[in-house]
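Here is the structure we will look at.
The values are calculated or read from the model by the stated rules, or taken from the named source; none is laboratory data. Keep in mind it's a predicted model, so treat the numbers as computed, not measured. Note that each Cβ is placed from the backbone with ideal geometry, even for glycine, and that neighbours are counted across all protein chains shown. Protein only, heavy atoms only, side chains kept; ligands, DNA and RNA dropped before computing areas. Shrake-Rupley method; radii C 1.70, N 1.55, O 1.52, S 1.80 Å.
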Amino acid sequence: MSLSTATATPLLGQSLQDLTTWMQDQGQPGYRGKQLHQWLYQKGVRSLSEITVFPKAWREANQDVTLGRSTIHHRSISPDGTIKYLLKLADGNIIETVGMPTQRRLTVCVSSQVGCPMACDFCATGKGGFLRNLQVHEIVDQVLTVQGEFRDRVSNIVFMGMGEPLLNVDNVLGALRCLNQDVGIGARSMTISTVGIPGQIRRLAQHQLQSTLAVSLHSSNQTLREQLIPSARQYPLEALIAECRDYVKLTGRRLTFEYLLLAGLNDRPHHAEELARHLRGFQNHVNLIPYNPISEVDYQRPTPQQVDEFVEALKERHIAVSVRYSKGLDVDAACGQLRASQES
Ligand code: SF4
C-alpha cells in the first residue's frame with residue numbers, strides 16, 4: 001500500500017529527501033520529488049491535483065493523498081492589517097493563527113497546541129483548556145496559509161499562539177527544521193516563547209538553535225507569578241532564572257524576557273528594581289508589553305507615564321529593554337497578549 005491514503009503521514013513537513021523517496025516508491029522518477037517539494041512549500045498547493053507538472057492520470061489515481069493542509073474557517077481583519085485566522089484541522093479541531101504585516105515584515109504568530117494546559121490567568125486561550133499537541137504539518141500549514149493569504153513571503157515566526165511550545169518540543173523542533181530548510185525562513189527570524197517548563201530550557205540549549213528563546217516572566221516575584229501563571233507553583237522563579245542563565249552560557253545566545261505590564265500589580269519602579277536584580281550578570285533583553293484588556297479578566301493597562309517610569313528604572317540598572325504593543329486589538333488577537341505582540 002502506498003502512503004496515498006487519508007490516514008498516512010501527511011506530505012507537508014517532510015524533507016526533500018523523504019519526498020523524493022516517496023515519489024520513487026510511487027514508481028515516479030526522483031526529480032518528481034523536487035517538483036513536489038517546490039509545489040508544496042513554495043507554491044503552497046492544497047492538493048496533489050493542483051500540481052499540473054505531474055501526469056494527470058497519476059494525480060487522479062492519488063487524489064486521496066493527505067497533504068496536511070487545514071481549511072480556513074474564519075477570518076477577522078483589523079484596520080491595522082492584522083488578520084486572525086481560525087483554521088480547521090483534519091480532525092475538526094480549530095486553532096488560531098495571526099498574520100501581522102508591517103512595512104518591512106510579515107510575521108506569523110503560530111499555535112503549537114489545540115488549547116493550552118497552562119491556564120495563565122490573563123490569557124483567553126488558557127481559559128479554554130487543552131485538547132492535544134499539534135503535529136509538524138499542522139504548524140507548518142499555519143505559516144503557508146498566511147503566506148498564501150497575504151500573497152507575500154513570511155519573514156518572521158513567533159510561537160506565541162495557542163499552547164506552550166515546550167510541552168510539544170519534538171513537533172516544534174520538527175516544524176522549525178521544515179520552516180527553515182524547506183520553506184526558507186531564516187532560523188534567526190523565528191522565536192519560541194515559553195512560560196517555562198522545568199528542564200526544557202536546558203534541553204533546548206543542547207540543540208544549539210539559532211532561533212530566539214523568549215521566556216514569559218511577567219513578574220519579578222514568585223507570589224505574583226504564581227497568581228498569573230499557576231504552573232509557576234512547580235517552578236520557582238530562582239530555578240527558572242538559573243535555567244535561563246545556563247541557556248545563555250551553553251548557547252552563547254542572548255535570551256529575551258517577556259514582561260506583561262499590568263497596572264498597579266507589577267508595573268511600579270520597585271518591581272523593575274526587583275526584576276533587574278534577577279537579570280543581572282547574563283546576556284538578556286526585556287520586552288515590556290503593556291496589557292491589552294480582554295473581556296474575561298479584570299486586569300488593566302498601565303498609563304504611558306507608568307510604562308516610561310518602568311523603562312527608566314530598568315535602564316538605570318543597565319537592563320536592555322524595549323516596549324512592544326499588541327497589534328490587532330480589535331480582532332481579539334489575544335493569546336495571552338503575546339501572540340500579537342511585535343516590535344512597534
Ligand atoms: S499565555 Fe501561553 S502558556 Fe499561558 S495559557 Fe495562554 S497560551 Fe498557554
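Here is a yes/no grid of residues against (1) modelled with pLDDT of 95 or more; (2) surrounded by 17 or more Cβ atoms within 10 Å (Cβ to Cβ):
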{"site": "Ala61", "(1), (2)": "no, no"}
{"site": "Phe122", "(1), (2)": "no, yes"}
{"site": "Arg132", "(1), (2)": "yes, no"}
{"site": "His137", "(1), (2)": "yes, yes"}
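Being at positive phi and modelled with pLDDT of 95 or more is the filter; apply it to the stretch 13-59 and report the residue that is surrounded by the fewest Cβ atoms within 10 Å (Cβ to Cβ).
Going through the qualifying residues, I end up with Gly44.
Which pairs have Cβ atoms under 6 Å, sit 6 or more apart or on different chains, and link a residue in the stretch 223-235 that is closer than 14 Å to Pro198 by Cα to one that is open to solvent by less than 40 Å² (accessible area, probe 1.4 Å) and more than 9 Å from the ligand (Cβ to nearest atom)?
Ala232/Arg225; Tyr235/Gly196
Could you check how many residues of the stretch 304-344 are part of a loop (DSSP other than H, G, I, E, B) and either open to solvent by less than 30 Å² (accessible area, probe 1.4 Å) or modelled with pLDDT under 95 (or both)?
15
It is to be established whether one or more residues within the stretch 232-252 are in contact with a Ser or Thr (Cβ under 6 Å, 6 or more places away or on another chain) and within 13 Å of the ligand (Cβ to nearest atom).
Within the stretch 232-252, not a single residue is in contact with a Ser or Thr (Cβ under 6 Å, 6 or more places away or on another chain) and within 13 Å of the ligand (Cβ to nearest atom).
Restricting to the stretch 148-161, count the residues that are open to solvent by 20 Å² or more (accessible area, probe 1.4 Å), touching a residue at least 40 places away in the same chain (Cβ under 8 Å) and under 23 Å from Leu67 (Cβ atoms).
5
Which of (1) open to solvent by 30 Å² or more (accessible area, probe 1.4 Å); (2) more than 28 Å from Leu131 (Cα to Cα) is the odd one out, the single condition Gly81 does not satisfy?
Among (1) open to solvent by 30 Å² or more (accessible area, probe 1.4 Å); (2) more than 28 Å from Leu131 (Cα to Cα), the lone unmet condition for Gly81 is (1).
State whether one or more residues within the stretch 179-199 are touching a strand residue (DSSP E or B) at 6+ places or on another chain (Cβ under 9 Å), more than 16 Å from the ligand (Cβ to nearest atom) and over 30 Å from Leu36 (Cα atoms).
no
How many of the residues making up the stretch 61-113 are farther than 24 Å from Arg324 by Cβ and hydrophobic (A, V, I, L, M, F, W, C)?
9
Suppose the filter is more than 16 Å from the ligand (Cβ to nearest atom), open to solvent by less than 40 Å² (accessible area, probe 1.4 Å) and without any contact (Cβ under 8 Å) to a residue 40 or more places away in the chain; does Leu166 pass it?
No.
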